[in-house]
Each structure stands twice: as C-alpha cells, then as structure tokens.
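Reading through the structure tokens given below for one structure.
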Amino acid sequence: MAGHAPRSIEEDVGPTLVLASAGFIGQAVCERAPSAIGFSRQHGLDLLDPQGLARLIGEVRPSAVINCSGMPGKAPAHQQYAVHVQGTLNLLQ
C-alpha cells in the first residue's frame with residue numbers, strides 16, 4: 001500500500017516455539033530460526049501436562065511449534081507412548 005513502510009515477516013507472525021530445545025535437534029533448530037523461543041525440561045516443560053502446555057502456548061503465542069522431543073528407543077514402551085503419543089495429543093489440544 002502506498003505510504004506504508006514495508007513490514008518484515010517477523011512483525012506479522014509470532015515467534016517459533018521449539019520444544020525440547022536443549023537436545024541435539026532442538027539446539028540446531030534454535031540456531032537456525034531467528035525468531036525461535038526454546039523450552040525444554042530444564043525450563044519445566046512437561047508434554048504430559050496439558051494445562052502447562054496451554055499456559056506456555058498462551059504466553060508465547062507462537063505462529064509455529066516445532067516439537068523436537070523424543071524418547072530413546074531403549075526406554076520402556078509405556079514411557080515412549082507417553083511422550084510420543086500422549087505428549088503430542090496434549091500439544092495438539
């Protein structure tokens with residue numbers, strides 16, 4: 001529009017929320033995403049806490065969420081299910 005200064009994309013969208021940002025993949029994502037805000041267990045992130053996730057998303061108001069969390073293959077099946085399935089469902093709700 002004439003008379004208006006061009007806006008950067010960062011002005012039009014919120015930050016990118018990176019979950020499990022302390023891990024190998026999460027760190028790499030945060031290094032490459034200038035608008036990234038990272039959270040991990042060290043910050044109190046718990047994918048199995050739906051109210052905590054809702055609170056975090058409400059505070060950050062991200063335009064995108066990158067979930068880098070995972071459970072090693074040697075972990076018991078019920079722990080892997082909890083993080084990979086229930087944690088993702090909690091995030092989506």
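The values are calculated or read from the model by the stated rules, or taken from the named source; none is laboratory data. As the structure is a computational prediction, the values presented were derived from the model and not from experiment. Quick reminder, even Gly has a Cβ in these numbers, built from the backbone with ideal geometry, and neighbours come from all protein chains shown. For accessibility, only protein heavy atoms count, side chains too; no ligands or nucleic acids. Shrake-Rupley method; radii C 1.70, N 1.55, O 1.52, S 1.80 Å.
Here the stretch 72-87 is the region considered, the condition is being closer than 18 Å to Ala22 by Cα and in a helix (DSSP H, G or I), and the residue that is least open to solvent (accessible area, probe 1.4 Å) is Gly87. Checking each residue in the stretch 1-25 for being of a type in the set (A, V, I, L, M) and either open to solvent by less than 30 Å² (accessible area, probe 1.4 Å) or at pLDDT 80 or above (or both) picks out Leu17, Val18, Leu19, Ala20, Ala22, Ile25. Run down Ser69, Ser63 and say which single residue is touching a residue at least 24 places away in the same chain (Cβ under 8 Å), of a type in the set (Ser, Thr, Tyr) and open to solvent by 50 Å² or more (accessible area, probe 1.4 Å). Answer to the check: Ser63. Out of curiosity, is Ala28 among the hydrophobic types (A, V, I, L, M, F, W, C), in a loop (DSSP other than H, G, I, E, B), modelled with pLDDT of 80 or more and closer than 16 Å to Val65 by Cα? So Ala28 fails the test. Residues of the stretch 39-54 that are aliphatic (A, V, I, L, M), in a helix (DSSP H, G or I) and open to solvent by less than 60 Å² (accessible area, probe 1.4 Å): Leu53 alone. For Ala33, are the conditions met, namely being at pLDDT 90 or above, aliphatic (A, V, I, L, M) and surrounded by 11 or more Cβ atoms within 10 Å (Cβ to Cβ)? Judged against the criteria, Ala33 is not a match.
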